[in-house]
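Undergrad: Quick one: the structure is below, and I'll ask about it shortly.
The values are calculated or read from the model by the stated rules, or taken from the named source; none is laboratory data. Note that the structure is a prediction, hence the values are computed from the model and not measured. Cβ: placed from backbone, ideal geometry, glycine included. Neighbour counts: every protein chain shown. What goes into the accessible areas is simple: the full protein's heavy atoms, side chains included, and nothing from ligands, DNA or RNA. Shrake-Rupley method; radii C 1.70, N 1.55, O 1.52, S 1.80 Å.
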Amino acid sequence: MSDGIFIGLGAPEKDGGIPQNLNLRRANRHGLIAGATGTGKTVTLQGIAESFSALGVPVFVADVKGDLSGISMAGSPTAKNAGKLVERAREIGIENYSYADNPAIFWDLYGEQGHPIRTTVSEMGPLLLARLMGLNETQEGVLSIAFKYADEEGLLLLDLADLQSMLAYCADNADSLSSRYGNVTKASVGAIQRQLLQLESQGGAHFFGEPALDIHDFLKVDDKGRGYVNILAADKLMQSPKLYATFLLWLLSELFETLPEVGDPDKPVLVFFFDEAHLLFDDVPPALEDKIEQVVRLIRSKGVGVYFVTQNPIDIPEAVAGQLGNRVQHALRAFTPRDQRAIKAAAETFRINPDLNVETAITELKVGEALVSLLQEDGSPGIVQRTLIAPPRSRLGPVDAKERAIIQSISPCTGKYDTAVNRESAQEILAARGQAAAAAAEAAKAKEEADKAAAAQAKVEAKQREQELKEQARREAAAAREAAKPGAFDKAVQSATRSAASSVGRQVANELGRAVFGGSSRRSSGGIAGRLVRGILGGLFK
């Protein structure tokens with residue numbers, strides 16, 4: 001058999017069969033494993049994944065049903081289906097078939113069945129978060145403004161608490177942010193906050209924080225040169241399908257942004273199996289679908305192969321499906337018009353085999369059988385062959401809690417991610433700013449109240465002073481008036497003087513009257529003229 005991964009034996013009825021080998025140099029051209037429930041997709045995935053591991057290629061698999069954890073343990077001749085596996089190995093010419101385990105690292109977003117996987121809100125970015133929360137275009141724009149402001153102000157968005165604080169700040173400062181970045185309304189911010197609370201209730205808070213995942217921990221090999229199989233426990237995660245799909249898309253984006261360009265290496269740097277792949281494309285907005293297509297198209301040059309695993313091949317958009325060079329198609333059922341369309345679409349994607357009616361074969365495939373078309377050395381697709389799939393050497397079925405704990409205890413990532421870290425970030429900084437602003441406002445208010453109290457006191461004191469001055473002036477005026485009045489002695493002198501003057505005046509008047517008018521009789525002196533003169537002279541001497 002040629003170099004590569006032996007998928008199975010094609011057309012076994014002809015000339016000993018045609019081996020179907022996945023060329024390692026073309027393994028980063030992505031692939032598709034499709035088929036109805038119960039047709040053997042998971043077993044095919046497990047066999048391919050363990051073969052990559054044995055050749056030194058690290059693998060990432062999402063364990064949706066929990067049974068892929070068995071890849072970490074060797075199979076057993078006493079297992080339920082051991083006889084069928086041995087028979088299949090003999091049928092397709094595998095000599096010395098034996099059981100083997102694979103080095104594995106368990107991961108779990110919730111930290112229950114493996115190492116926690118975390119990323120920061122900033123690394124996730126507004127586009128994926130908007131998808132995760134189901135935001136409309138307007139709300140996504142407001143979320144982007146929050147990210148932009150946080151970036152410019154050096155505010156780290158690490159966990160959902162940071163994002164909540166940032167959104168609260170945006171609501172409180174909507175007017176100033178609107179004039180700077182565009183329309184920000186409290187209604188839009190409130191809608192985002194409600195979706196964020198819903199995300200937290202679904203367990204999203206476990207995913208955001210630190211220490212964040214170092215993507216290079218997915219690229220480890222053991223001391224025997226075997227690639228580690230990174231197994232994500234996704235059985236609980238599948239209860240939040242948007243979180244599951246967004247996480248895996250983020251993981252692809254992170255690989256794309258982190259890994260260097262390597263072109264077409266002799267073997268992949270990492271192979272990524274995306275089970276239940278249809279979830280990635282359910283209700284996806286055009287902008288996000290474009291991003292998925294871009295990542296799938298370009299990540300090949302980073303040495304990463306992406307293999308989508310889904311029930312129906314038409315679940316994958318054409319723009320993405322066109323990038324999938326290696327295909328394994330298990331049986332499909334033609335019960336509905338949609339199933340019939342899927343069969344026709346699947347048949348049209350294969351390179352024609354004149355000896356095989358693909359549409360008919362898809363509905364007739366048995367469990368463990370598939371239509372296989374793999375890229376050749378020159379990059380061209382191989383002719384589709386009806387193929388018996390090679391059996392895996394690891395356990396078919398899940399590990400128990402004790403086995404998982406033992407494997408976890410020898411993990412190369414033990415102690416690195418198990419304890420969350422909460423360093424200073426947007427929440428703490430904004431809280432400190434709020435406290436400082438509140439303290440400043442309190443101080444300003446206290447100063448204002450003190451100033452008001454001082455002004456009121458000054459007014460009271462000024463009024464009192466004014467009253468005192470008025471009272472003083474009144475007293476001084478009264479004193480002046482009192483001082484201006486004559487005393488008792490002065491009054492006596494004045495009275496005596498007036499009396500004397502009056503008496504002298506009368507005497508002078510009498511004498512003058514007599515002198516002028518003559519006579520000495522009382523009558524003459526008492527005449528009209530005499531009285532007139534006396535009056536005048538009496539007035540002069542008063």
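Undergrad: Would you mind getting me the FRET efficiency between Ala100 and Thr185? Use the beta-carbon distance for r and R0 = 56 Å, nearest 0.05. Numbers along the way, then the final one.
TA: On the way: r = 60 Å, r/R0 = 1.07.
For R0 = 56 Å, the calculated efficiency reads 0.40.
Undergrad: Using Cα pairs under 8 angstrom and six or more residues apart, how large is the relative contact order of the range 112-203, in percent?
TA: Numbers: 71 pairs, mean separation 28.8, N = 92.
Taking the mean separation of contacting Cα pairs over the length of the range 112-203, I get 31 percent.
Undergrad: Do any trypsin sites (Lys or Arg not before Pro) in the range 1-43 lie in a DSSP loop with no more than 14 other beta carbon atoms within 10 Å, and if so, which? Display every interim value, and only then the final one.
TA: Numbers: sites: Lys14, Arg25, Arg26, Arg29, Lys41; in loops: Lys14.
For trypsin sites (Lys or Arg not before Pro) across the range 1-43 that sit outside H, G, I, E and B with at most 14 neighbouring Cβ atoms in 10 Å, the list reads Lys14.
Undergrad: What chymotrypsin sites (Phe, Trp or Tyr not before Pro) does the range 267-367 have in DSSP loop regions with at most 12 other beta carbons within 10 Å? Write down the numbers at each step before the final one.
TA: Working: sites: Phe272, Phe273, Phe274, Phe281, Tyr307, Phe308, Phe335, Phe350; in loops: Phe335, Phe350.
Taking the range 267-367 and a limit of 12 other Cβ atoms within 10 Å, the loop chymotrypsin sites (Phe, Trp or Tyr not before Pro) found are Phe335.
Undergrad: Label Glu257 and Lys236 with points 7 Å out from Cα along Cα→Cβ: what is the distance between them in nm?
TA: Those two pseudo-labels are separated by 2.7 nm.
Undergrad: Let me ask another. Around Ser394, which amide H atoms from residues at least 5 apart in sequence, or from another chain, sit under 5 Å from its own amide H, with H modelled in the peptide plane?
TA: Result for Ser394 returns Gly75, Ala100.
Undergrad: Counting only the backbone N, which residues of the range 444-461 are under 16 Å from the spot 7 Å out from the Cα of Gln472 toward its beta-carbon?
TA: Counting only backbone N, you get 461.
Undergrad: Quick one: which of Lys220/Lys366; Lys242/Lys267; Lys302/Lys416; Lys41/Lys291; Lys224/Lys302 span more than 29 angstrom between C-alpha atoms? Kindly include the intermediate steps, with their values, before the conclusion.
TA: Numbers: Lys220/Lys366 36 Å; Lys242/Lys267 32 Å; Lys302/Lys416 26 Å; Lys41/Lys291 27 Å; Lys224/Lys302 24 Å.
In this structure, Lys220/Lys366; Lys242/Lys267 exceed 29 Å between Cα atoms.
Undergrad: Given the protein chains as shown and a 1.4 Å probe, how many square angstrom of Val189 are accessible, to the nearest 10?
TA: 0
Undergrad: Rounded to the nearest 500, what is the 222 nm mean residue ellipticity of the chain from helices alone, with -39500 (n - 2.57) per DSSP H run of 4+ residues and division by all residues? Let's see the in-between values first.
TA: Working: 18 runs with 264 residues, N = 542.
Mean residue ellipticity at 222 nm (helix-derived): -16000 deg cm²/dmol.
Undergrad: Work out the FRET efficiency for Asp290 and Ser409 from their Cβ-Cβ distance, taking R0 = 41 Å, and round it to the nearest 0.05. The partial results should precede the final answer.
TA: Working: r = 43 Å, r/R0 = 1.06.
So, using R0 = 41 Å, E works out to roughly 0.40.
Undergrad: Here is a further query. Around Lys65, with a cut-off of 13 angstrom between Cβ atoms, what is the net charge of the other residues, counting Lys and Arg +1 and Asp and Glu -1? Before the final figure, lay out each step's value.
TA: On the way: positive: Lys41, Lys236; negative: Asp63, Asp67, Asp235, Asp275, Glu276.
Value of the local net charge: -3.
Undergrad: Still on this structure, I have one more. Per-residue accessible area for Ser51 at 1.4 Å probe radius, Å² rounded to 10?
TA: 30
Undergrad: Compare the Cα positions of Ser373, Ala342, Pro392 along the charge dipole of the range 337-424 (+1 at Cβ of Lys, Arg; -1 at Cβ of Asp, Glu; about the Cα centre) and return the one farthest towards the positive end.
TA: Checked the options; the winner is Pro392.
Undergrad: Residues with beta-carbon under 12 Å from that of Gln311, excluding Gln311: net charge, scoring Lys, Arg +1 and Asp, Glu -1? Write down the numbers at each step before the final one.
TA: Working: positive: Lys41, Arg333, Arg338; negative: Asp275, Glu276, Asp315, Asp339.
With Lys, Arg at +1 and Asp, Glu at -1, the neighbours total -1.
Undergrad: Okay, moving on. Going by amide H atoms built from the backbone, whose H comes under 5 Å of the H on Leu156, apart from near neighbours?
TA: When sequence neighbours closer than 5 places are left aside, the close amide H contacts are Ala426.
Undergrad: What does the charge count near Tyr417 come to, summing +1 for each Lys or Arg and -1 for each Asp or Glu among other residues with Cβ under 12 Å from its Cβ? Let's see the in-between values first.
TA: Details: positive: Arg118, Lys416; negative: Asp108, Glu210, Asp214, Asp217, Asp418.
Neighbourhood net charge equals -3.
Undergrad: In what order, largest first, do Ile410, Ile343 sit by accessible area if the probe radius is 1.4 Å?
TA: Sorted by accessible area, descending: Ile410, Ile343.
Undergrad: Leaving ligands and nucleic acids out of the surface, order Ser176, Ser76, Ser253 by accessible area at 1.4 Å, largest first. Mind dumping the intermediate values first?
TA: Numbers: Ser176 65, Ser76 45, Ser253 5 Å².
So, going from the largest accessible area down, we get Ser176, Ser76, Ser253.
Undergrad: Continuing with the same structure: May I ask you to compute the full-extension gain from Glu13 to Glu449, defined as 0.36 nm times their residue separation minus their alpha-carbon distance, rounded to one decimal in nm?
TA: Going from the current span to full extension adds 147.1 nm.
Undergrad: Just to confirm the filter: which trypsin sites (Lys or Arg not before Pro) across the range 402-432 are DSSP coil and have at most 11 other Cβ within 10 angstrom of their Cβ?
TA: On the way: sites: Lys402, Arg404, Lys416, Arg423; in loops: Lys416, Arg423.
Within the range 402-432, the qualifying trypsin sites (Lys or Arg not before Pro) (loop, at most 11 other Cβ atoms within 10 Å) are Arg423.
Undergrad: Now a separate question. Efficiency by 1/(1 + (r/R0)^6): what FRET value for Ala458 and Ala479, r their Cβ-Cβ distance, R0 = 25 Å, to the nearest 0.05? It would help to have the intermediate numbers written out before the result.
TA: Values: r = 31 Å, r/R0 = 1.23.
With R0 = 25 Å, the Cβ-Cβ based efficiency is 0.25.
Undergrad: Using only the heavy atoms of the protein chains and a 1.4 Å probe, how would Arg475, Arg333 rank by accessible area, largest first? List each step's numbers first, then the result.
TA: Working: Arg475 125, Arg333 90 Å².
Order by accessible area, largest first: Arg475, Arg333.
Undergrad: Hey, another quick one. Calculate, in nm to one decimal, what Ser178 and Ser201 gain on full extension: separation in residues at 0.36 nm each, minus their alpha carbon distance. Present the calculation step by step, with values, prior to reporting the outcome.
TA: Details: separation 23, 0.36 × 23 = 8.28 nm, distance 3.04 nm.
Gain on extension, Ser178 to Ser201, equals 5.2 nm.
Undergrad: Further question on the same structure: Express in Å², to the nearest 10, the accessible area of Asp283 obtained by rolling a 1.4 Å probe over the protein heavy atoms while all chains stay in place.
TA: My reading of the accessible area for Asp283 is about 140 Å².
Undergrad: Ignoring the sites themselves, what is the longest stretch of the chain with no GluC sites (Glu not before Pro) in a DSSP loop and at most 15 other beta-carbon atoms within 10 Å?
TA: Values: sites that count: Glu13, Glu95, Glu112, Glu153, Glu261, Glu377, Glu424.
The longest uninterrupted stretch comes out as 425-542.
Undergrad: Membrane-span-like helices in the chain: DSSP H runs reaching 24 Å or more (Cα, own axis), mean Kyte hydropathy at least -1.0? Please report the intermediate quantities before stating the final value.
TA: Details: long enough: 241-258 (25 Å, 0.74); 426-484 (84 Å, -0.72); 488-517 (42 Å, -0.03).
Membrane-span-like by this rule: 241-258, 426-484, 488-517.
Undergrad: Let me know the shape class of the range 215-287, please: from the alpha-carbon gyration tensor, a ≥ b ≥ c as square roots of the eigenvalues, rounded when a/c is under 1.5, otherwise prolate if a/b is greater than b/c, or oblate. Walk me through the numbers before you get to the answer.
TA: On the way: a/c = 2.63, a/b = 1.53, b/c = 1.72.
Verdict is oblate for the range 215-287.
Undergrad: Let me ask something additional. Using a cut-off of 29 Å between alpha-carbon atoms, which lysines can reach Lys447, once sequence neighbours fewer than 8 places away in the same chain are excluded?
TA: Within reach: Lys459, Lys463.
Undergrad: Counting only DSSP beta bridges with both residues in the chain, what percent are antiparallel, rounded to the nearest 5?
TA: Working: 19 of 49 bridges.
Here the antiparallel bridges make up roughly 40 percent for the chain.
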